[in-house]
Amino acid sequence: MGIRERLSGNEAAATAMRQINPDVVAAYPITPSTEIPQYFSTFVANGSVDSDFVAVESEHSAMSACIGAEAAGARAMTATSANGLSLMWEMIYIASSLRLPIVLSLVNRAVSGPLNIHNDHSDAMGVRDAGWIMLFSENNQEAYDNTLMAHRIAEHKDVRLPLMVCQDGFITSHSIENIELVEDDKVKEFVGEYHPEHYLLNKEEPIAVGPLDVQSYLFEHKAQQAEAMENAKKVILEVAEDFEKMTGRKYGFFEEYKLDDAEVAIVCMNSTAGTTKFVVDNLREQGIKAGLLKLRVFRPFPVNEIAKALSHLKAMAILDKASSLNAAGGALYEDVTSAMYVNNYHVPAVNYVYGIGGRDTKADEIEGVYKDLLEIAKTGNIDNPYRYFGLRREAK
Amino acid sequence: MAYNLKEVVANKPSRFTSGHRMCAGCGAPPAARMIMRALKPEDHAVVAGATGCMEVSTFIYPYTAWTDSFIHTAFECAGATISGVEAAYHSMKKQGKLPQDGETKFIAFGGDGGTYDIGLQSLSGAMERRHDITYVCYDNGAYMNTGIQRSSATPKFADTTTSPAGKVIPGKAQPRKDLAKIMVGHHIPYVAQTVGYMNFKDLYEKAEKAIYTEGPAFLNVLAPCPRGWGYPTDMLMQINKLAVETCYWPLYEVVNGKYKITYKPAKKLPVEEFLKPQKRFRHMFKPGNEWMIEEFQKLVDERWQELLDLEEITNRD
């Protein structure tokens, strides 16, 4: 039986990091993830972890130092948000190409500009093809649980990829909720020790990392990265199974909430799923067969599984908390609809961009989406698949 | 024990092997080789390279010229990358996760572009955080890897592909940045400027001090570039010598804030002797451009005097 606590999302992430006790944490302050390195440096100052905390001078250096540390043979972790991730961008790709299982806590926030410190998913969407495993978390409990599972997935010999755990800035990072923690010793046992096969600090076998990789090799190396991402799917489920044995909490690629018999459903990530569950419950009371698919594993994208889970619907809405500014819909929408297409399922699908820059996402707006879906299910008409909700002006 | 080049070469095998693809007549490989030789044979090293000539010519998949562990990540972050490696070492050694015997040393190599310019922030952070590392800048005074573009280390009047000597503008308009002094401003225990000269004694001894000084150390090594500077490849050692004897590139070290000039030419040569063999300064020798040489000489004289003054001031009782 776990330990009942009340923690914010940032405290939950930092607590997981304390229990994991990584060798190195290199981080730079940025709202709303700043608290994570703050809490962590307190753990270091009080000797409750063995880690070295490297208080770098930028996020670019945070990721560079994590790469150096992880390549050296250490477990390295960091945390950031928005522009911090943007500044890391170059190194994000390098971390995955070097196959270094660094774990990053990404507290999602709008990427500038103009400057905005509040939640949306534009930071995460900017690195969606960078070769990182990306787990999304509805609340503090999931941010904590995902972090505990992170190293087991990332460090697996068939995977060896960096991993980011996403949660919504302020909405979950700064909200205190009930949480069930796992005991320190159980976490230690679950996460296990890190024994990389090759590492810089092994003086018996010096290695060279990060070559100039020309036309004759880069293609194959990229194909290996893609294969590792494919392999991650199996490992994610295996680790989730072990985690369930320890905690009783079940995780998969996604959570299906009243989806089985649903006629209309929403697909979304992170905290919006909580609001959507509330709306689904209300609609169910009115006899409306509403459901939800909350995506946890965004990368690797569970193409076939997600398509199958949505295949029976009469209409669905994919909610993107980041505008792709491409005249063709948000990233999640494109991935979901593409998954449906390649699996030969046709379900009328619309895209809603919402919550940009921390715009509040209200239950009645979500309910409005379901009402739109019921109309689409009835008539089959979609005038405009690219929509907004919560936007003040009337969108075209 | 007194330095002896023959003994060093005979007793310490090169840790930077032949077969790399640096140009003939480049100043960087002999410098790197001697710096690596300054390591105690029993010590392991992790070397970090910033993107640049040296990195792309010494570590082309699946080959490496480094017998120690080596890591390259990107252009601007050799300082941060080696910080991470050193932090891992510190943490893991403390936890008993690494063998307790023997030492590992941490050395970063960056060109002037990766050090004076794009990598300055990362370098500054690493120095301020007091990692136990040695950062070596091999300064060839321009972005040679991308085709000789000016950097903040490029001397005034030098003809580069982005500061061309044209009809109106005579090469680079600004004098070069003094990076060693910026490093001194970090109050780190060891900063030195050196070059491969006089049997590499100065270079070797400073490398040894830098590597075995506890805490951060910075070496600025002049690394002439035959392509960018325009001198015949067999003239490398002569160019090194002229850089020192004209006081264009003074040899000095700063130990815990105290300046020490490690070589004072008995007779300082006029700077045009350094400039003349180099095509990048060719326009300065055209009739009517004597003022450029005069101005260059004045800059060299001022900086040399400043160094003499600093030596005097910082060694007062």
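The values are calculated or read from the model by the stated rules, or taken from the named source; none is laboratory data. Just so you know, these numbers come straight off a predicted model, no measurement behind them. So basically every Cβ, Gly included, is an ideal-geometry build from the backbone, and we count neighbours across all protein chains shown.
Overview of values
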| item | result |
| --- | --- |
| Hits in the range A:241-274 (condition: surrounded by fewer than 22 Cβ atoms within 10 Å (Cβ to Cβ), within 18 Å of the chain's Cα centre (by Cα) and in a helix (DSSP H, G or I)) | A:F243, A:G274 |
| Per-region count, the range A:11-67, residues among the small types (G, A, S), within 14 Å of chain B (Cβ to nearest Cβ) and in a helix (DSSP H, G or I) | 5 |
| Residue count for the range B:121-139, restricted to those that are touching a Lys or Arg at 6+ places or on another chain (Cβ under 9 Å) and more than 15 Å from B:A192 (Cβ to Cβ) | 1 |
| Condition check for A:A74: under 22 Å from A:E155 (Cα atoms) and either facing chain B (nearest Cβ under 7 Å) or within 19 Å of the chain's Cα centre (by Cα) (or both) | yes |
| Flag for A:F278 being touching a helix residue (DSSP H, G or I) at 6+ places or on another chain (Cβ under 7 Å) and either among the aromatic types (F, W, Y) or not assigned by TED's automatic domain parsing to the domain that holds A:H151 (or both) | yes |
| Criterion: under 30 Å from B:Q278 (Cα atoms) and touching a strand residue (DSSP E or B) at 6+ places or on another chain (Cβ under 6 Å) - qualifying residue of B:T115, B:T51, B:T58 | B:T115 |
| Matching residues, the range B:1-29, being surrounded by 14 or more Cβ atoms within 10 Å (Cβ to Cβ), among the hydrophobic types (A, V, I, L, M, F, W, C) and part of a loop (DSSP other than H, G, I, E, B) | B:M22, B:C23, B:C26 |
| Filter result for A:A95 (within 14 Å of another protein chain (Cβ to nearest Cβ), farther than 27 Å from A:L332 by Cβ and either out of contact with any His (no Cβ under 6 Å at 6 or more places or on another chain) or crowded, with 21+ Cβ neighbours inside 10 Å (or both)) | no |
| Some residue of the range B:81-96 being at the interface with chain A (Cβ under 7 Å from one of its Cβ atoms), in a helix (DSSP H, G or I) and over 15 Å from A:D23 (Cα atoms) | yes |
| In the range A:180-230, the residues that are assigned to a helix (DSSP H, G or I) and either over 30 Å from A:N140 (Cβ atoms) or within 12 Å of another protein chain (Cβ to nearest Cβ) (or both) | A:L218, A:F219, A:E220, A:H221, A:K222, A:A223, A:Q224, A:Q225, A:A226, A:E227, A:E230 |
| Single match in B:D132, B:D117, B:D112 (criterion: surrounded by 24 or more Cβ atoms within 10 Å (Cβ to Cβ) and either among the charged types (D, E, K, R) or away from chain A (no Cβ under 12 Å) (or both)) | B:D112 |
| Residue ID - farthest from the other protein chains (Cβ to nearest Cβ), chosen from residues in the range B:32-66 that are part of a loop (DSSP other than H, G, I, E, B) and aromatic (F, W, Y) | B:Y63 |
| Listing of strands (runs of 3 or more DSSP E) fully contained in the range B:215-317 that carry 1 or more residues being crowded, with 21+ Cβ neighbours inside 10 Å and either polar (S, T, N, Q) or without any contact (Cβ under 8 Å) to a residue 24 or more places away in the chain (or both) | B:217-222 |
| Residues (charged (D, E, K, R) and under 21 Å from the mean Cα position of the chain (by Cα)) located in the range A:300-327 | A:E305, A:D320, A:K321 |
| Residue within the range A:209-218 that is of a type in the set (S, T, Y), surrounded by 18 or more Cβ atoms within 10 Å (Cβ to Cβ) and assigned by TED's automatic domain parsing to the domain that holds A:A79 present | no |
| Restricting the range B:67-80 to residues that are within 19 Å of the chain's Cα centre (by Cα) and not in a strand (DSSP E or B), the residue that is surrounded by the fewest Cβ atoms within 10 Å (Cβ to Cβ) | B:F75 |
| Criterion violated by A:Y345 - all others in (1) among the aromatic types (F, W, Y); (2) surrounded by 23 or more Cβ atoms within 10 Å (Cβ to Cβ); (3) farther than 22 Å from A:R128 by Cα satisfied | (2) |
